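The structure appears right after this line, and notes come after that.
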Amino acid sequence: MTEQLTFSFDALKQPSNKDCLPCIGIFGRKNCGKSSFINALAKSEIAEVAKSAGTTKEPSKYYTELENIGGVFLIDTSGIDDYGDAGEKRVLNSMEILNNIDFAVLMITGNLFAEPEKKLVSKFQDFSIPFVVVNNKSDLQEVSSITRSQVELAYQTKLVEFSCLIRSNLAELVYILQNLIPTSAYESKSILKNLIKKNDLIVLTSPERINAPDGQLTISQVEITRDLLENDCLTLFVKQDKLPETLEQLQPKPKLVILPTSTFSISEKVLPADMQLTTYGIVMARHKGDFERYIIDTPKISKLEDGNHILILQTSVDNTSNEFKEQDLLKDLLIKFTGKKLEFHVLNVFEKPFINLRQFQFALICGSFLLTKKQVTSILKPLTELNIPVSSFDMVNAYSHGIFERAISPFQAK
């Protein structure tokens, strides 16, 4: 899968000096009071409100400060029950923010918790997003015991009575948010966090021939480039065959050189030993995966034996994509590297079938950069709890090519 490099970053992805603050998505049906709820939380009229349903056409992002929490971003969304071609498109646009939020508020009214709400909660669970349910307009109709048990028992979360009109239970709601927003929400979202700073020179390389359609960059290259630009780094793209002569002319020397795995071994031989090198795949494995666990577990592929069962977790459903094809590349890599007869089991992470995990001696995830870090952590948790070694395609790819130690060295404490 590829994506064309652009510099038009939308508001939901655009960083600011507050980019380490929690991002809270507000969801619910049309006219359930989502915009009014944002104004109630902010204690200010920051979101547009109208009496007619469907005022919010596109996700809108607002900054405010909450007592005992501090600064947060609140994202207003269109109604989850919107219909028609335009309405369905608005719903899809709202669902896209699930990649960006740390916490969700699902608003209901009149004890209506039905199929649209259940589907949305299922998506929260898929993205490992903690959430709370708010029964708005409780001054008109309080939540019933049936609805409360339906929500709190089934989903193990809170259902809070609230009224945007009189702002009832506002303190209780803020207290719940304070306790349920994950600590990860306050961590930097930067891909190369703690490694780069303003004006650092970073060199990105590509093969001599870019095989992607129309010379497009890969998703990893696009995201890393965006991250470098957002951190005010000096970013230089160079073809692999031009890298040595380019580096000779650069002063100061680059802080980091990022290479495709396929050209790493060639470049490593001609670059200074003290120059920090890594691969696009390693960078994204650190950003999206359980990197410390990967570092410990990846070398364990050397200990695999004949007949061992390997679980491959597939994130893509598009069998024409590069991410989908990683599962076959992984099989070939492991068989060639270990020289063993291994049993492979491929499982799509979104199918959730019952499977006995104890039968596996190793687990690998493909295309993890298509997911959020929360999703990857959630998917791998049952395996790590059973002490089953886990890694990613990119980590195994680097290890099997003999470049693992140098490629991870920029991220290890000196």
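The values are calculated or read from the model by the stated rules, or taken from the named source; none is laboratory data. What you are looking at is a predicted structure, and each value in this text was computed from that prediction instead of being measured. Here the Cβ positions follow ideal geometry from the backbone for every residue, glycine too, while neighbour counts run over all protein chains shown.
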Could you please let me know if E161 is surrounded by fewer than 16 Cβ atoms within 10 Å (Cβ to Cβ) and not aromatic (F, W, Y)?
no
Hits in the range 381-414 (condition: more than 27 Å from L277 (Cβ to Cβ) and touching a helix residue (DSSP H, G or I) at 6+ places or on another chain (Cβ under 8 Å)):
P382, L383, T384, L386, I388
Tally time: how many residues in the range 390-407 are over 16 Å from T263 (Cα atoms) and in contact with a Lys or Arg (Cβ under 9 Å, 6 or more places away or on another chain)?
3
With the condition kept exactly as written, say whether any residue in the range 264-273 is of a type in the set (D, E, K, R), within 26 Å of the chain's Cα centre (by Cα) and more than 17 Å from I224 (Cα to Cα).
no
Please determine whether any residue of the range 106-119 is more than 26 Å from T377 (Cβ to Cβ), without any contact (Cβ under 8 Å) to a residue 24 or more places away in the chain, of a type in the set (G, A, S) and in a helix (DSSP H, G or I).
no
Would you tally the residues in the range 28-58 being over 13 Å from I75 (Cβ atoms) and at pLDDT below 80?
7
Please work out if D81 is more than 15 Å from P22 (Cβ to Cβ), assigned to a loop (DSSP other than H, G, I, E, B) and acidic (D, E).
yes
Condition broken by V283, with the remaining ones in (1) more than 30 Å from E343 (Cβ to Cβ); (2) of a type in the set (A, V, I, L, M); (3) touching a His at 6+ places or on another chain (Cβ under 9 Å) satisfied
(3)
So which of N39, N100 ends up being crowded, with 16+ Cβ neighbours inside 10 Å, more than 26 Å from Q375 (Cβ to Cβ) and assigned by TED's automatic domain parsing to the domain that holds L177?
N39
So, in the range 120-142, exactly how many residues are over 30 Å from K381 (Cα atoms) and surrounded by fewer than 22 Cβ atoms within 10 Å (Cβ to Cβ)?
6
Considering every residue within the range 358-369, establish whether at least one is under 30 Å from Y186 (Cα atoms) and surrounded by fewer than 18 Cβ atoms within 10 Å (Cβ to Cβ).
no
Residue that is nearest to C23 (Cα to Cα), among those in the range 84-105 that are outside any strand (DSSP E or B) and among the small types (G, A, S):
S94
Filter the range 240-263 for residues that are polar (S, T, N, Q) and part of a helix (DSSP H, G or I); the one that is surrounded by the fewest Cβ atoms within 10 Å (Cβ to Cβ) is Q249
Going through S78, S138, S128, S94 one at a time, which residue ends up being farther than 21 Å from L41 by Cα and hydroxyl-bearing (S, T, Y)?
S128
Does I282 count as closer than 16 Å to G402 by Cα, touching a residue at least 24 places away in the same chain (Cβ under 8 Å) and outside the structural domain of K197 (by TED's automatic domain parsing)?
yes
